[in-house]
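Below is one structure, written out as structure tokens; the observations come after it.
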Amino acid sequence: MTLNIQSKEVLARLLATENLTVVHENVSTASFHTKDRVLTLPMWDDMQTFTYDHLVGHEVGHALYTDSEMWVSAIEKHGKNFRGFYNIVEDARIEKKIQRTYPGLKRNFIQSYKKMFDDGFFGTDLNEIDTFELIDRLNVYFKCGMSTGTKFADDEKKWLDIIAKIETQEEAYKVALELFELAKEKKEKEQQAQKESEEEMQEDGEDDDNFSFDDSDMDYDDYDIDEDGD
């Protein structure tokens, strides 16, 4: 489908109520640079009008509702691996708000996420998605909807209601931090269990492959907010 790129750039500026810089590049997903106010959109071969409008709507949601100073401050405080958790929870909040502000976008979001889900953007299939960590399954649920059938354990289901009720960025930050700390605790327990098992077996094999939440291999810009949140 042929898109009128120029008209879509105008749409982004109108929705954001500011003169955003809109660029099109061969990137995997859309993103918004909160400091420089640059909205980057992908050039997918099979880009549909509803997908383009969804991506514009999502990133404009960040332009309108995500405070850049608060965003960067949180990442600097907790490390760049916290960014993914914060992004996913913040995505759920701003998508709710942008669809509330512009109700006409809701249909575009539904159509676009359905196509992305069917195309394997979030995972090969539901069986694979159900093996993901909690934060990534929450991402699929809040973007693609409950109709996907994404599974949650009984003690995980409380997060669906908690995230659905978030209205402010401060609330999104606090919930993301809880999920981040929960994930770190889970990994630490898994590491300890693995270490104890190896000690019991008294094996001199390969070193333990440690999980780390440090920043050593992260090189993205703190100001960038990706659409997929993963």
Probe of 1.4 angstrom, ligands and nucleic acids ignored: what's the accessible area per residue over the chain, in square angstrom? 55
Based on the Cβ-Cβ distance from ASN127 to ARG100, what FRET efficiency comes out when R0 is 22 Å, to the nearest 0.05? 0.05
From the mean inverse distance of alpha carbon pairs (Kirkwood) and the Cα radius of gyration, derive Rg over Rh for the chain. 1.01
Carbon-plus-sulfur fraction of the accessible area of the chain, 1.4 Å probe, in percent? 47
Taking amide hydrogens as modeled 1.01 Å from N in the peptide plane, which residues meet the under 5 Å criterion relative to HIS24, leaving out close sequence neighbours? LEU41
Taking every pair of alpha-carbon atoms in the stretch 1-118, what share in percent sits in each 5 Å bin, from 0 to the bin with the longest distance? 2, 11, 21, 25, 21, 13, 6, 2, 0
Helix-only [θ]222 nm of the chain, DSSP H runs n ≥ 4, -39500 (n - 2.57) each, per residue, nearest 500: -18000 deg cm²/dmol
For Cα pairs less than 8 Å apart in space and 6+ apart in sequence, what is the mean separation divided by the residue count of the chain, i.e. the relative contact order in percent? 28
For LYS80, distant residues with modelled amide H under 5 Å away: none
In nanometres, the difference between 0.36 nm per residue of separation and the alpha-carbon distance of LEU160 and SER73 is 28.7 nm
Alpha carbon centre of the stretch 117-172 versus the stretch 6-81: separation in Å? 22
Checked against a 24 Å limit on the C-alpha separation, the offending pairs among LYS35/LYS157; LYS8/LYS97; LYS97/LYS187; LYS158/LYS187; LYS114/LYS157 are LYS35/LYS157; LYS97/LYS187
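The values are calculated or read from the model by the stated rules, or taken from the named source; none is laboratory data. Owing to the predicted nature of the structure, the values given are computational and were not obtained by experimental measurement. FYI the Cβ positions are ideal-geometry reconstructions off the backbone, even for glycines, and counts take in every protein chain you see. The accessibility values were calculated without ligands, DNA or RNA, using every heavy atom of the protein model including side chains. Shrake-Rupley method; radii C 1.70, N 1.55, O 1.52, S 1.80 Å.
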